[in-house]
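Engineer: Have a look at this one.
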Amino acid sequence: MAEQRTTPIAPRSAKPPRPTTPTRRAELAGAASSALATRTDGDAAMLCPRSRYKINAIPFNCGNIKQMNQSIVALIRPKLNLSQKESQAAHLIEHILVAPKRLKTMGVSNEFYAQNIIYHGGNVNDFYMVEYFVVRSESADAMAQMLQKHQNELHLDRDDFEKIKSALIEELTENRGEFISIAEQLSIAIFQKGSPSIRNPWNDLESVIKLTYDKTLEIFKKYNTDVALLKLSFSDYVVAKLPQIGKNVLKKPDGILELTHPWQAPGSIEFTYIIPLPQKVDLLVSTIYQKSLSDYYFGFLFQELRHKLGLVYDISTIRDYDNNTLEIYFSSSEENANKITNHIEKSLERYAPYLKEHIDHIKKRLKLYLELEWSDVSSQCLEIIETVVSGGFTETDASMLKRIDNVPLQDLINFNKLILKSLESKAISVLHKYGKVLDTKIKPFDKS
């Protein structure tokens, strides 16, 4: 299971996501949540610059892969997504698009794949579908040409259709549980009616079982429009035209929103502030700000809550481009929750003096991560694609490296003031603890 419904075709899958991120269907109708979060410690842990995932450090002896120039080539289909009425057909089409047999029909030979494609996969979420390839940069143009030439064809025969459909049924069956997931509970609670993430059932297995070959082709042709090609590298983003992507619209519940799931350990909680941001935010400023709070060594909140007080194991910051929010997340014992939330707000009021002392080190830390990001980009290519497609940001890491030293201290202090103001009036506070919320929609089914 993957939060972004990824179909990986690679030696390893993408990094596990934060389970509480609301716009991603992290658990399909009752699957695990917090057990999936990867948490690493100490000097061997690096928080990705884009800060949705925590990743293992890249070893110094990583050989030629560190020097290899890598590019992401991706085809975005904005109308094929999980918010459409035929949402589960979109999920099936995503599986079809990345099937090895289709790639061979497109002209991807075994030799080309072995020598040039580092990773490839597919993803469908509430806003768009993407098929993506991480390749040697010198082969990016060839890969892009193959994708464009075949973007209107599934290259599917009836026998392959039944096999791919059967695999999807297995995926949905494995992720079908009797409890409503935290992600679904959260989406229902905080998104206004009509938002993409709450338009359709999350695990509509029955509709997949009923899908036919002809109906699937019909749906593909209906929604396979406004296709956009991305070709991204460390120093060059080629984006002909950004697609129009739908957005969730937030509604603020009264008080703290309490959600429960039996996979949460009794006596422990996870807490998230979901903080709305203005429409225009400098990506580099927000990225430096996140690093200044949650870096293991220099992060202000990490220093305060873990290293000084020992109240938390982990505290993270997350940008969600689909909602245009910043999230501050921590896990702790239930008895310490109020103490931690009070301390976070009081600490942020003292942010400016801390930043003045450590800003140079924080910037150098972020430079290191930006330099390393494209040495193994397959582990975070979906995050980079999301930054471009949902966030609308097309600045390269090379460009951000050039201007990071010129970001004024006052811009970060002003950003922190914006966060404090939003915490007081606009932020949504979510408490996730142990409990059971039955999903009465789940019914027995017959695969035949």
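Engineer: Using a cut-off of 13 Å between beta-carbons, work out the net charge of the residues near Lys251 (Lys and Arg +1, Asp and Glu -1, Lys251 not included). List each step's numbers first, then the result.
Structural biologist: On the way: positive: Lys193, Lys252, Lys426; negative: Asp254.
With Lys, Arg at +1 and Asp, Glu at -1, the neighbours total +2.
Engineer: Let me ask another. So what J values fall out for the stretch 270-278 if you push phi through Karplus, 6.51 cos²θ - 1.76 cosθ + 1.60 with θ = phi - 60°, rounded to Hz, Gly and Pro as x?
Structural biologist: After applying 6.51 cos²θ - 1.76 cosθ + 1.60, I find 10, 10, 9, 8, 9, 10, x, 10, x Hz.
Engineer: Place a label point 7 angstrom from the Cα of Lys221 along the Cα-to-Cβ direction, then list the residues of the stretch 116-155 whose backbone nitrogen is under 20 Å away.
Structural biologist: Within reach of a label on Lys221, which here means backbone N under 20 Å from a point 7 Å along Cα→Cβ, the stretch 116-155 contributes 149-155.
Engineer: Place +1 on the Cβ of every Lys and Arg and -1 on the Cβ of every Asp and Glu in the stretch 359-442, take the dipole about the Cα centre, and give the residue among Met400, Asn416, Ser375 whose Cα lies farthest towards its positive end.
Structural biologist: Farthest along the dipole direction, towards plus: Asn416.
Engineer: Ok, one more. Summing +1 for each Lys or Arg and -1 for each Asp or Glu, what net charge is found among the other residues whose Cβ lies under 9 Å from the Cβ of Ile190? Working shown, then result.
Structural biologist: On the way: positive: Lys251, Lys252; negative: none.
Around Ile190, the surrounding residues sum to +2.
Engineer: Sticking with this one: Alpha carbons only, please: Rg and Dmax for the stretch 225-292, in angstrom.
Structural biologist: Both quantities, over Cα of the stretch 225-292: 18.8, 51 Å.
Engineer: Arg158 to Lys252: extension gain in nm, 0.36 nm per residue of separation minus the Cα-Cα distance?
Structural biologist: 29.1 nm
Engineer: Place the peptides 245-256, 216-227 in order of packing, highest mean first, counting for every residue the other Cβ atoms within 10 Å and averaging per peptide. Intermediate values should be presented prior to the final figure.
Structural biologist: On the way: 245-256: 14.4, 216-227: 16.0.
Going from most to least packed, we get 216-227, 245-256.
Engineer: A follow-up question, please. What does the charge add up to near Phe415, with Lys and Arg as +1, Asp and Glu as -1, over the other residues with Cβ less than 14 Å from its Cβ?
Structural biologist: Working: positive: Lys280, Lys291, Arg319, Lys417, Lys421; negative: Asp282, Asp411.
With Lys, Arg at +1 and Asp, Glu at -1, the net is +3.
Engineer: Hey, what D do you get for the stretch 308-421 in µm²/s if you plug the Kirkwood alpha-carbon radius into Stokes-Einstein at 4 °C and 1.567 mPa s? Don't jump to the answer; show the numbers that get you there.
Structural biologist: Numbers: Rh = 16.6 Å.
For these conditions, the coefficient is 78 µm²/s.
Engineer: In terms of modelled amide H atoms, which long-range or inter-chain residues lie less than 5 Å from the amide H of Tyr119?
Structural biologist: For Tyr119, the qualifying residues are Val134.
Engineer: Next question, about the same structure. Let's test the formula: R0 of 56 Å, r as the Cβ-Cβ distance of Ser207 and Arg136. What FRET efficiency results, to the nearest 0.05? Please list the in-between numbers first.
Structural biologist: Working: r = 40 Å, r/R0 = 0.71.
Plugging the Cβ-Cβ distance into 1/(1 + (r/R0)^6) gives 0.90.
Engineer: Just how large is the dipole of the stretch 253-323 about the Cα centre, in debye to the nearest 20, putting +1 at every Lys and Arg Cβ and -1 at every Asp and Glu Cβ?
Structural biologist: Value, rounded to 20: 260 debye.
Engineer: So, one more: Projecting each Cα onto the charge dipole of the stretch 175-301 (Lys/Arg +1, Asp/Glu -1 at the beta carbon, about the Cα centre), which of Pro266, Pro253, Leu230 comes out farthest on the positive side?
Structural biologist: Leu230
Engineer: Would you mind working out the magnitude of the charge dipole of the stretch 77-190 relative to its Cα centre, with +1 at each Lys and Arg C-beta and -1 at each Asp and Glu C-beta, to the nearest 20 Debye? Mind showing how you got there, number by number?
Structural biologist: On the way: 12 positive and 17 negative charges, 60 e Å.
Once rounded to the nearest 20, the dipole reads 280 debye.
Engineer: Using the Karplus equation 6.51 cos²θ - 1.76 cosθ + 1.60 (θ = phi - 60°), what ³J(HN,Hα) coupling, rounded to whole Hz, does each residue of the stretch 233-241 give in order, writing x for Gly and Pro?
Structural biologist: For the stretch 233-241, the Karplus-derived couplings read 9, 4, 10, 8, 10, 10, 10, 4, 7 Hz, x marking Gly and Pro.
Engineer: Computed FRET efficiency, Cβ-Cβ of Val238 and Asn338, R0 41 Å: what is it to the nearest 0.05?
Structural biologist: Numbers: r = 50 Å, r/R0 = 1.21.
It comes to 0.25.
Engineer: If you don't mind, there's one more thing I want to ask. Rounded to the nearest 0.05, what FRET efficiency is calculated for Asp360 and Gln145 with R0 set to 56 Å and r the Cβ-Cβ distance? Intermediate values should be presented prior to the final figure.
Structural biologist: On the way: r = 45 Å, r/R0 = 0.80.
For R0 = 56 Å, the calculated efficiency reads 0.80.
Engineer: Output ³J(HN,Hα) for the stretch 246-260: one whole-Hz value per residue in order, computed from phi by the Karplus curve 6.51 cos²θ - 1.76 cosθ + 1.60 with θ = phi - 60°, and x for Gly and Pro.
Structural biologist: 3J(HN,Hα) across the stretch 246-260, in whole Hz: x, 10, 6, 10, 6, 10, 8, x, 6, x, 7, 7, 9, 10, 10.
Engineer: Amide H to amide H under 5 Å from Val249: which residues, 5+ apart in sequence or cross-chain, H placed 1.01 Å off N in plane?
Structural biologist: Excluding prolines and chain starts, which carry no amide H, the hits are Gln192, Ser195.
Where a number appears in this text, it was derived from the coordinates with a stated rule and is not lab data. Note that this is a predicted model, so its numbers are computed, not measured. Cβ coordinates were reconstructed from backbone atoms using ideal geometry, including for glycine residues, and neighbour counts include every protein chain displayed.
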